[in-house]
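First the structure, in the form of structure tokens, and then the observations on it.
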Amino acid sequence: MVAAFHVGKAPPALPSIRDDLGAGLRQSGWLLSIINLVTAAAGMAIALTADRLGHRRLILFGTGLCLATSLLGGAVGSPQVLLGLRVLEGLGFITVVVAIPPLVVRLATPADLRLALAAWSTYMPAGAGVMMLISALALLELSWRWVWWIAAAASGAMLLALLLRTTRRHELDPIAATRRPILAEMAEVATSGGPLAIGICFGAYSCCWFAIVGFLPTLQVERLHFTQETAALVTTLVTMVNIGGNLLAGWLLQRRVPRVVIIVAATVSMAVCASAIFIDGVPDLARLVLAGVYSAVIGVVPGCLFTAVPVHAPRPQLIGAATGLLMQVSNFGALIGPPITAALVSAGGWPAAAWMTSIALGIAALAGLFLHWRERRRLWS
């Protein structure tokens, strides 16, 4: 969740960054999404590295890198340098995120695994949402630079806590296992239909969710004429209700509701909801209500997908790699979602963004159906 602070700090601060550094709309889109670049390029390789070097070591490294880059980022004077530091923040973020699921799978009992992974999937809306709230309050009196330094302080405190509380926990020590070469294990996971379907579904979800949440403050300021502070608070609430969907997925799966029913029902219904946020003719208050409904309902998708990873990994030793593939495709979606939305809005106004959300959620529904077919095929065999 603290690693996700570095994702959540950007959307509320975007108008302040644009005023201070003179960033354009397209640059703003990359400021939102470029933190996902490293994950989109190398998420699986980083996960396999964590398997070899130790998950705890990678968590410590990633937390320290987030601390350093956020501290430096608050002092820069150009959007280009800030973009470069956001790339390094992305490396810190992903090394933390991909190192955690194998530890959760190792420590949770089989009966609790679905709930444990669904609870863990709340890290993004919870962490990003808390930081959005902190950002919104800080921006009432301070510039965006203080938001960066607050996130750095949180990572510093977390790094200290990790050093004090985890280094002597032997159940977190690396487990010796026979490993094939990294490229061979990457190929084994990437050519397995289940993990690939999980990644595509999550990527389409992320493309749509980050586009809506990332530009929601700008939409409120430019179209609804809200103040920056009010827009930031509303966006925070919209982000945090996503947690309810994450937890609901674990509850439904524990009660044997099929994964495909949850994914398809959520993505198809929310495609209509997401389009209504952007198109003309919808009352302003209704747009905000729809954004909250969208965030809450669509939150069942991550909860379903994270719990599917242990089921579809080619073998137990590759759960980390399968999670890395999920994060890699997910962050590719998060990387391209805001820039595509910015380009569509620049070309055709806010209603043009509805095309992107509809297509992305349609892809997520199709991937969920394919994942169900794979699960049924595995049961029959």
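Every read-out reported here was derived from the displayed coordinates using simple, explicitly stated rules and does not represent laboratory data. Predicted model only: the values in this text are computed from it and were never measured. Please note: Cβ atoms are built from the backbone with ideal geometry, for glycine as well, and neighbour counts cover all protein chains shown.
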Practice problem: Please report, in debye to the nearest 20, how large the charge dipole of the chain is about its Cα centre when each Lys and Arg carries +1 at its beta carbon and each Asp and Glu carries -1 there. | Solution: 1160
Quiz item: Between Ala343 and Arg377, what is the label-to-label distance in nm when each label sits 7 Å out along the Cα-to-Cβ direction?
Solution: 3.2
Quiz item: Can you work out ³J(HN,Hα) from phi for every residue in the stretch 73-79, in order, using Karplus 6.51 cos²θ - 1.76 cosθ + 1.60 and θ = phi - 60°, giving whole Hz and x for Gly and Pro?
Solution: x, x, 10, 7, x, 9, x
Self-check item: Thr167-Trp146 FRET efficiency (beta carbon distance; Förster radius 35 Å; 0.05 resolution)
Solution: 0.65
Practice problem: Only helical DSSP H runs with n ≥ 4 go in: add -39500 (n - 2.57) per run for the chain, normalise by residue count and round the 222 nm mean residue ellipticity to 500 deg cm²/dmol. | Solution: -27000 deg cm²/dmol
Quiz item: Shape of the chain from its Cα gyration tensor (a ≥ b ≥ c, root eigenvalues): rounded if a/c is under 1.5, otherwise prolate when a/b > b/c, or oblate?
Solution: oblate
Quiz item: Once phi is turned into θ = phi - 60°, what whole-Hz ³J(HN,Hα) does the Karplus curve with 6.51, -1.76 and 1.60 give for every residue of the stretch 2-16, x standing for Gly and Pro?
Solution: 5, 4, 5, 3, 6, 8, x, 6, 6, x, x, 7, 4, x, 5
Exercise. Subtract the Cα-Cα distance of Arg179 and Leu160 from 0.36 nm times their separation in residues, and report this length gain in nm to one decimal.
Key: 3.6 nm
Quiz item: Each residue of the stretch 30-41 in turn: what ³J(HN,Hα) in whole Hz from Karplus with 6.51, -1.76, 1.60 and θ = phi - 60°, glycine and Pro shown as x?
Solution: 6, 4, 6, 10, 5, 4, 8, 4, 4, 5, 4, 8
